[in-house]
Amino acid sequence: MHDVDLLPLSDQLDYSYPQSGPFHIAAPSLHPLYHYPTFIGGILLITKEHFSLVNGLSNRYYGWGREDDEFYVRLKKAGLLKTGYITMNESQTVAYEIRRPQNVSTGLNTFKHIHEKQRRPRDSSNFFDQKAKTNKLDRETGVSTVKYDVKATHHVMLDGAPVTVLDVKLSCDYMKTPWCLKKEDHYLLDSVITQHPPGHR
């Protein structure tokens, strides 16, 4: 999983297969913006098996940000983070550690971050009770609950490598995530919810 607005600048970064579990390339010591220890966003290598094990990411998020913090909790609960022990007051406490690059000398110059909030106001928008809902661990939605239709398939070559681009239309569960409606359609929400039974998409 790779943020499109985070460009790697260092040839010391390792994009190898995450054999030992999820591997967080955009470590807090290297990311130009986020430096808290549980940060796992930006660039994360994870196998399809592990992604399925935690049911992927929550579908409750709209805009930009915070979904990776919830994903960290999913990885932790699934036992996919490296565990160690810290001895305090003669007792041992479990410590969770995210696997990250070691010995990268470029520090905060390892990436270029090109996200411009002013040009993308949708990124910082919150609607209805979105903030309250996304403050809790989402035990309902994930990759297994994503509903979509493939509208078109495009086969292209990128620098000599074959790439398949899928044009998909996502379905919206208005009962669980009403903010997936376009802002100009919010006035329709009451009639949509009253006219259709729960779970209608």
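The values are calculated or read from the model by the stated rules, or taken from the named source; none is laboratory data. Note that the structure is predicted; figures quoted are calculated from it, not measured. Every residue, glycine among them, receives a Cβ derived from its backbone with ideal geometry; neighbour counts consider all protein chains shown. Heavy atoms of the whole protein, side chains included, go into the accessibility calculation; ligands, DNA and RNA do not. Shrake-Rupley method; radii C 1.70, N 1.55, O 1.52, S 1.80 Å.
In table form, for the structure just shown:
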quantity	calculated
C-alpha center-to-center spacing [segment 156-188, segment 8-41] in angstrom	27 Å
DSSP-loop GluC sites (Glu not before Pro) across segment 1-91, with at most 12 other Cβ within 10 angstrom	90
Segment 145-190 shape via C-alpha gyration tensor axes, a/c threshold 1.5	prolate
Sequence-separation-based contact order of segment 25-113, relative, with Cα cut under 8 Å and 6+ spacing, percent	35 percent
Long-range amide H partners of residue 82 with built H, under 5 Å	97, 99
Interchain or long-range residues, amide H under 5 Å from residue 111's placed H	9
Segment 13-96 - charge dipole about Cα centre, Lys and Arg +1 at Cβ, Asp and Glu -1, debye rounded to 20	180 debye
Probe 1.4 Å, all protein chains present, accessible-area order of 138, 14, largest first	14, 138
Proximal charge balance of residue 53 [Cβ under 11 Å; K/R count +1, D/E count -1]	+2
For segment 18-70: accessible area per residue (Å², 1.4 Å)	43 Å²
